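The values are calculated or read from the model by the stated rules, or taken from the named source; none is laboratory data. As the structure is a prediction and not an experimental result, all values here were calculated from the model. Ideal geometry is used to build each Cβ from the backbone, glycine not excepted, and the neighbour counts take in all protein chains shown.
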C-alpha cells in the first residue's frame, strides 16, 4: 500500500468527526480496524475510503446505539439488511420513550396531588373466590423481564394443566413483593386445575424445572378492578393497583394477602380497549 494513500489517526479522526480515543476503542472492539499499524511505533493508519464508514459509526452513536448494535448495522451484508437492523433498534427506542412518556404523565398526577381524580376512573368491587388447586411457577424477575416471563410461564402451566384434569379458572400472577426496575419480587404464575393428585404427579415429573409446585389456595374474598389491555401497561396498571388499595380501607376492609393480576381474556385476540385483566387484593 502506498504511504500517500494512508492517513494518520489524527488526520483521519478529524475528517471522520471522531476522536482518536474513540477510534482506538472501535479498533479494540473490531468495529473499525485501521488499514495498517506500524510494527515498530504502533501508529495506526487509515485509508481515505474508510472515512464514510467511520462517519456512519459516529452518526449511529448519536442515536445512543450500543456498540454491539452498531457492529450489527455496519457489518450487514447489504443496505436492506442494515436498514432492517436500524429499524429494529429504533422501534425499541420508540417503545421505551413511549413508556417513559406515560410514566412521566403518571408522575405528574402523583406530584400534583391528582391521585383521587386518577382513581375515580376505576370501578372497584368484591367477589368471593372458591378454594383452588394451583400449579405454579415462581421467579425473581425485574419489571423489564416481566411481560415475557408472564407469557412464557403461563403458557407452560396451561400446557401442563392438561395432565392435571384441565384448567378450572382464569390464570393469574401473584406479586409476593414489589416488582420494579430495582426490585425482583418474586412473582408467581398460577393456573387453577381440577385434579390435585394429578397436579402433584405432574410437578414431581418436572423436577426442579422452572421452580414449579402445587399450592392449594383457600376460598377468599377479593377486591378488584377490571382493566383494559392498554391499561395493563406500566405505569397505568400502577394506578389501578393504587385505586384498589385506596378503596379497601374506605369500605372497612383490610388486605389479607399479596396483590395479583387475573387474566380472563384471550390476550392476543384482545384490542387495546378490551377488558382483559382484574387487578385484585385478597381482603377481610
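Within region 216-232, the set of residues being at pLDDT below 90, buried (at least 17 other Cβ atoms within 10 Å of the Cβ) and in contact with a helix residue (DSSP H, G or I) (Cβ under 8 Å, 6 or more places away or on another chain) comprises 231 only.
Which residue, of 58, 76, is touching a helix residue (DSSP H, G or I) at 6+ places or on another chain (Cβ under 9 Å), in a helix (DSSP H, G or I) and either surrounded by 12 or more Cβ atoms within 10 Å (Cβ to Cβ) or in contact (Cβ under 8 Å) with a residue 40 or more places away in the chain (or both)?
On the way: 76 fails: in a helix (DSSP H, G or I).
Exactly one of 58, 76 is touching a helix residue (DSSP H, G or I) at 6+ places or on another chain (Cβ under 9 Å), in a helix (DSSP H, G or I) and either surrounded by 12 or more Cβ atoms within 10 Å (Cβ to Cβ) or in contact (Cβ under 8 Å) with a residue 40 or more places away in the chain (or both), namely 58.
Residue 126 meets all of the listed conditions (1) surrounded by 13 or more Cβ atoms within 10 Å (Cβ to Cβ); (2) modelled with pLDDT under 95; (3) over 14 Å from residue 172 (Cα atoms) but one, namely (2).
Within region 131-145, none of the residues are touching a residue at least 12 places away in the same chain (Cβ under 8 Å), outside the structural domain of residue 173 (by TED's automatic domain parsing) and assigned to a helix (DSSP H, G or I). Restricting attention to region 27-52, the residues being at pLDDT below 80, over 43 Å from the mean Cα position of the chain (by Cα) and surrounded by 14 or more Cβ atoms within 10 Å (Cβ to Cβ) number 0. Please tell me if residue 148 is part of a helix (DSSP H, G or I) and over 27 Å from residue 224 (Cβ atoms). So residue 148 fails the test.
All of 110, 85 fail the test of being crowded, with 16+ Cβ neighbours inside 10 Å, outside the structural domain of residue 169 (by TED's automatic domain parsing) and out of contact with any strand residue (DSSP E or B) (no Cβ under 8 Å at 6 or more places or on another chain), apart from 85. Can you find a residue that is in contact with a helix residue (DSSP H, G or I) (Cβ under 8 Å, 6 or more places away or on another chain), assigned by TED's automatic domain parsing to the domain that holds residue 62 and more than 24 Å from residue 75 (Cα to Cα) anywhere in region 8-27? Looking through region 8-27, at least one residue is in contact with a helix residue (DSSP H, G or I) (Cβ under 8 Å, 6 or more places away or on another chain), assigned by TED's automatic domain parsing to the domain that holds residue 62 and more than 24 Å from residue 75 (Cα to Cα).
Going through region 179-215 one residue at a time, which ones are surrounded by 11 or more Cβ atoms within 10 Å (Cβ to Cβ) and free of Cβ contacts under 8 Å to residues at least 40 places away in the same chain?
179, 180, 197, 198, 200, 201, 205
Condition check ((1) surrounded by fewer than 19 Cβ atoms within 10 Å (Cβ to Cβ); (2) within 24 Å of residue 117 (Cβ to Cβ); (3) in contact with a strand residue (DSSP E or B) (Cβ under 6 Å, 6 or more places away or on another chain)) across all residues:
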position	(1), (2), (3)
234	yes, yes, no
249	yes, yes, no
254	yes, no, no
257	yes, no, yes
270	yes, no, yes
